[in-house]
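This report refers to the structure that appears directly beneath it.
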Amino acid sequence: EQINNQLIEFKSACAIAHELERVLVLPLIGHRSAQTDADWDFTFKISEFHWVPFEKYFDQKEFHNLPCRVISTNNFRSLHAADPNFTLGTLHFNPIAKATNEQQMFDYFNTELNFPFTNITNIHGRMAQLSSSEIYTKFGNDNSNILGIGATYWMHGFERFQPYPLTQYENYMDHALYRKIISGLKVSDNLKNIVDVGEAYVRGLLKAPIFVSGKGQTNTGISLSSLLESILEKKANIGVGNKSKFIAMHVRRGDYWNKCKRIKSPELRSHCYPSPGKLEAVVQQYLGEEKMKEEQNSGLFEKQEQATNQFDVTLYIATNIGGSKDEFKSLRERYNVMFFEDLFLNTKGSNLDSSHMALID
């Protein structure tokens, strides 16, 4: 599955572990192997993924901020390595969607983790967006040493229930437990440094795009740390002027239309799957509001219909659209538009996998 969905599963798992007072075994993060990318038919096969320890992508120093106690998969394995009778016991399969099945769960625990278990059951049926009390009713009296559940995608509802697909924006950050989980999820130091380099290019602090390897080296011949020191110095010199600002936008395409088309209201559907014209209107509205705020703060407020000097604005677009991106032609005619591949060149030569790049983007 895509890393965004895997992280949603992690958030639910952490919340459930916290409420049941259990220790969460950090899951492996999977990314599809290169040979299946071009012809992927949206089926989910464990064998077509590379599985990597969770802590490779996130800062272990921040895990203490999580509301759940955690242990890595390798440490969990080491704890039970000397016990010849060790077993996970019964695993609880959660049929969250048509694309999930018990075979996937069997393959993950048996082939990838190589953990013995007794059997797989789905006696609880589909578990989605459960309340804290519902979770406790199902598992609070479970006295087994190990509670194995899969999948936990939106299994915890964080005290609300949202229709699918969403018809309005929902700010989960107003939920204390969800917010606490986010506070403990920080990308690794190396990824954070790479993000800082990319941001510097978007802000105009670097003259050319940079290739940064996962080992901390750049195509400039200097180390990533030295490059960051130079960037920080430039930031201090330019302050926070308009030329250092940029707008970031996430535009999801691909299979997402199959979800958005279920929304009957044309207006709501346009928010789910916005057209190029809709995207441009959103940018114009934002720039107009920012312009008015600046003029109000400077005491020179005059209402304007739209922002001026549009090519002074950099628009960074995170998207799953590949190729030439002709869909954004009208935006490119008005703004300085950048994409991930404009910032980081030849990433195939690095040890950054698709999950690294999705997090950076």
(request) Determine the per residue accessible area of the stretch 72-119 with all protein chains present and a 1.4 angstrom probe, expressed in square angstrom. (result) 58
(message) Can you tell me the length gained on complete extension of the stretch Phe161 to Ala97, counting 0.36 nm per residue apart and subtracting the Cα distance?
(response) 21.4 nm
(request) Return the FRET efficiency for the residue pair Ser72, Ser183: r is the Cβ-Cβ distance, R0 is 25 Å, and the value is rounded to the nearest 0.05. (result) 0.80
(request) Count the net charge of all other residues whose Cβ sits under 15 Å from the Cβ of Asp142, scoring Lys and Arg as +1 and Asp and Glu as -1. (result) -1
(request) First compute the accessible area of the stretch 1-155 with a 1.4 Å probe, then give the percent of it belonging to carbon and sulfur atoms. (result) 50
(message) Given points 7 Å out from each Cα along the Cα-Cβ axis, report the Asn119 to Glu21 separation in nanometres with one decimal.
(response) 3.0
(request) Estimate the FRET efficiency between Asn320 and Glu289 by the formula 1/(1 + (r/R0)^6), using the beta-carbon distance for r and 25 Å for R0, to the nearest 0.05. (result) 0.35
(request) Calculate, in nm to one decimal, what Asp196 and Arg262 gain on full extension: separation in residues at 0.36 nm each, minus their alpha carbon distance. (result) 19.9 nm
(message) Under 5 Å between amide hydrogens, which residues at least 5 positions from Ile29 or on another chain qualify, with H placed 1.01 Å from N in the peptide plane?
(response) Val52, Phe54
(request) Output the peptides 151-159, 267-275 sorted from most to least packed, where packing is the average of other Cβ atoms within 10 Å over each peptide's residues. (result) 151-159, 267-275
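At a Förster distance of 30 Å, what's the computed FRET efficiency of Thr87 paired with Asn5, Cβ-Cβ distance as r, to 0.05?
With a Förster radius of 30 Å, E is 0.55.
The values are calculated or read from the model by the stated rules, or taken from the named source; none is laboratory data. None of these values were measured; they are calculated from a predicted model. Heads up, the Cβs are rebuilt from the backbone with ideal geometry, glycines too, and the neighbour counts pull from every protein chain shown. Each accessible area value is taken on the protein alone, full model and side chains, heavy atoms only, with ligands, DNA and RNA left out. Shrake-Rupley method; radii C 1.70, N 1.55, O 1.52, S 1.80 Å.
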